[in-house]
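Reading through the structure tokens given below for one structure.
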Amino acid sequence: MAPLASHGARLGVLAICALLLAGVASGCTTTQEKAARQQAQSKHILEARAERQKQKKQRSKSDNKGSKQR
């Protein structure tokens, strides 16, 4: 019976290793994917910054018009 238990244990360990490798492989991304994600994030940040600057300029213009009318 010892050889059967040894064979079953080996299969169990092999199955666990295969599952771990599959999990690691699915979590890996290519350099191109990382670069594309970083580029999209940078674009979003720049667009948000430009929008804030635009709103800030509009506020300062409206503040200046209000002070001139007084």
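With 0.36 nm allotted per residue and the present C-alpha distance subtracted, the Thr31-Ile16 stretch has 2.6 nm of extension available.
Within the straight-line cut-off of under 16 Å between alpha carbons, the lysines reachable from Lys34 are Lys43, sequence neighbours fewer than 8 places apart in one chain being disregarded.
Using a simple spin-label model with pseudo-atoms 7 Å out from Cα toward Cβ, Ala48 and Asp63 lie 2.3 nm apart. Cross-link reach is defined here as a Cα-Cα straight distance under 16 Å, omitting same-chain residues fewer than 8 places apart; for Lys65 the lysines meeting it are Lys56, Lys57.
Rule-based calculations on the coordinates, nothing more; no lab input. Computed from a predicted structure; not experimentally measured. Cβ: placed from backbone, ideal geometry, glycine included. Neighbour counts: every protein chain shown.
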